[in-house]
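Worksheet for the structure shown next.
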Amino acid sequence: METKGTLFDDAMRRLVGAMKYTGFGDEIALRIGTPKSCLVISVPVRRDDGTLDFYTGYRVRHDDTRGPTKGGLRYHPSVSLDEVKSLAFWMTFKCAVVGVPFGGAKGGISVNPKELSPMELERLSRGYIRLVADFIGPDTDIPAPDMYTNERIMGWMMDEYSTIRRQHVPAVITGKPVSMGGSVGRTDATGRGAYYCIRELARKQGLDPATTTVAIQGFGNAGQHVARLLHKDGYRIVAVSDSQGAIYSPGGFDIPSLVRIKEETRRVQAVYCEGALCRAVEATNLSNQELLELDVDILIPAALENQITADNAPRIKARHVVEVANGPTTSEADGILAANGIEVVPDILANAGGVTVSYFEWLQNRSGQYWELQEVHRKLQATMAREFEQVYDLSREIGTDLRTAAYVLAVRRIGETMEAKGTSSYFANHKAH
Ligand code: NAD
């Protein structure tokens, strides 16, 4: 299978790399690598000043072999069909790795949401749903939040879809406010899932939180929650960043204070809070690139894709990389990190806590029975620990890095279902008489 230069082609390289460990033929690779459908739309938005703008939106359903497709919606100026296709591809593998009965999808709008008023944002979100209403549904395709979308936006979207269908359909979208049928424990699920992976990694490799340093790129939903949970366990978070830059303090940051100040000022600043009193603390300002190259035990990219590339991979000094963002490492960089002994917990495993609790939310919406927070945490922890173990053991068994093992595990699960429906070898050998 030929691969060229786009993000999707790079994503496909992981599939090609994994296929040789699965025993499946070319047909399975072809089917898993081919997106099912791609929708491109123009969303009209009446601006507050009366003018009309159009924003390009996308929804891609990559593969529904294992169930309805599932995947987030992203609002960002760089959203493109290539990016959405890649994210939908990764979702397919992520759902299979954690064993939830979904296929993969993704969507997004090419927009800078920071330039819209709250009412314009609501009109954009509802307009998007009006255009994709026939493409999504609780048994076909179920969106969720991603970068620069949140539970309020998911609530507007569920409300719009229910209006169109003339019935209450909470299971059409996950990551909703709890008061609108969301699940408790969804907000921090991605960060918490990554935290459970790090706990398993620490157990396997004898890492002591008190002497383990961590740098986190991206201090949004996913980044903040993994930081908070690691900090609570005594890990030293020495660097964090957002789109405006990074801060570094070798002694480690007080994460609850950083979260509070980020909420108030919308940027990361080094502070220490006692009660309501906050004061600035010593910290060095770094660029996001410098953060990635810090000498730390664990590096957590939790922002955008393509952050660790063939250019900077030789300078990465972290012992472990835990990918909370989707696609932060290119396939070329994989080999460089592996050659330098850096173990990568791949995105399709490390950030799968979000889709796992989305699945719990969907189950609750469909049954009408709602769970306690402890139950969500217990089930999430059990899923992440079980699948981390599977991936870890498989990587040791077949002699690969964790990413290849995660892809092999996912391909085995998806391929098994495809084989059950019949592949070329079955049809060639069972001719009609
Ligand atoms: P978010 O919008 O809450 O936060 C994004 C953060 O990244 C912000 O702090 C922003 O300032 C920062 N950022 C943006 N550009 C940056 C840059 N160039 N350098 C450094 N930081 C930058 O988004 P999120 O939901 O936390 O998602 C972050 C990543 O995690 C994305 O790759 C997303 O696909 C992935 N992810 C999120 C979820 C989820 O449930 N939220 C689930 C799975 C994967």
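The values are calculated or read from the model by the stated rules, or taken from the named source; none is laboratory data. Since this is a predicted model, take the numbers as computed values, not measurements. In this analysis, Cβ positions are derived from the backbone assuming ideal geometry, glycine residues included, and neighbour counts consider all displayed protein chains. Side chains included, ligands, DNA and RNA excluded: accessible areas come from the protein's heavy atoms. Shrake-Rupley method; radii C 1.70, N 1.55, O 1.52, S 1.80 Å.
Listed by first and then second residue, the pairs with beta-carbon distance under 6 Å, at least 6 apart or on different chains, first residue in segment 315-329 and within 12 Å of the ligand (Cβ to nearest atom) and aliphatic (A, V, I, L, M), second open to solvent by 10 Å² or more (accessible area, probe 1.4 Å) and not in a loop (DSSP other than H, G, I, E, B), are Val324/Ala222. Among the conditions (1) closer than 19 Å to Gly104 by Cα; (2) within 16 Å of the ligand (Cβ to nearest atom), Phe135 misses just one, which is (2).
The set of residues in segment 290-321 being part of a helix (DSSP H, G or I) and either within 17 Å of Glu332 (Cβ to Cβ) or in contact with a Lys or Arg (Cβ under 6 Å, 6 or more places away or on another chain) (or both) consists of Leu292, Ala313, Pro314, Arg315.
So Thr213 clears everything in (1) among the polar types (S, T, N, Q); (2) surrounded by fewer than 24 Cβ atoms within 10 Å (Cβ to Cβ); (3) within 16 Å of the ligand (Cβ to nearest atom) except one condition, right? Which one? Tallying (1) among the polar types (S, T, N, Q); (2) surrounded by fewer than 24 Cβ atoms within 10 Å (Cβ to Cβ); (3) within 16 Å of the ligand (Cβ to nearest atom), Thr213 fails exactly one: (3). Among residues of segment 361-374 being more than 13 Å from the ligand (Cβ to nearest atom) and closer than 13 Å to Ala189 by Cα, the one that is most open to solvent (accessible area, probe 1.4 Å) is Gln374.
The set of residues in segment 130-149 that are more than 14 Å from Asn221 (Cα to Cα) and either touching a His at 6+ places or on another chain (Cβ under 8 Å) or open to solvent by 20 Å² or more (accessible area, probe 1.4 Å) (or both) comprises Arg130, Leu131, Asp134, Phe135, Pro138, Asp139, Thr140. Taking each residue of segment 234-259 that is in the same structural domain as Glu305 (by TED's automatic domain parsing) and looking for partners that are assigned to a helix (DSSP H, G or I) and more than 16 Å from the ligand (Cβ to nearest atom) with beta-carbon atoms closer than 6 Å, six or more apart or interchain, yields Gly234/Pro209; Gly234/Ala210; Tyr235/Pro209; Ile237/His231; Ile255/His231.
Here is the figure for segment 250-271: residues that are open to solvent by less than 20 Å² (accessible area, probe 1.4 Å) and of a type in the set (Gly, Ala, Ser) total 2. Scanning segment 336-350 finds no residues that are open to solvent by less than 40 Å² (accessible area, probe 1.4 Å), touching a Phe, Trp or Tyr at 6+ places or on another chain (Cβ under 7 Å), assigned by TED's automatic domain parsing to the domain that holds Ala194 and part of a loop (DSSP other than H, G, I, E, B). Counting only strands (runs of 3 or more DSSP E) wholly contained in segment 1-114, the ones carrying 1 or more residues that are out of contact with any His (no Cβ under 6 Å at 6 or more places or on another chain) and surrounded by fewer than 17 Cβ atoms within 10 Å (Cβ to Cβ) occupy 37-46, 52-63. Criterion applied to Arg186, Arg152 was being charged (D, E, K, R) and buried (at least 19 other Cβ atoms within 10 Å of the Cβ), and the one residue passing it is Arg186. Comparison of Arg203, Arg199, Arg166 shows that the only residue that is away from the ligand (no atom under 16 Å from the Cβ), surrounded by fewer than 17 Cβ atoms within 10 Å (Cβ to Cβ) and within 22 Å of Ala382 (Cα to Cα) is Arg203. Of all residues in segment 294-314, those satisfying the criterion of being open to solvent by 40 Å² or more (accessible area, probe 1.4 Å), touching a residue at least 12 places away in the same chain (Cβ under 8 Å) and more than 9 Å from the ligand (Cβ to nearest atom) are Asp295, Asn306, Pro314. For segment 224-236, the criterion of being modelled with pLDDT of 95 or more, small (Gly, Ala, Ser) and open to solvent by 20 Å² or more (accessible area, probe 1.4 Å) is met by at least one residue.
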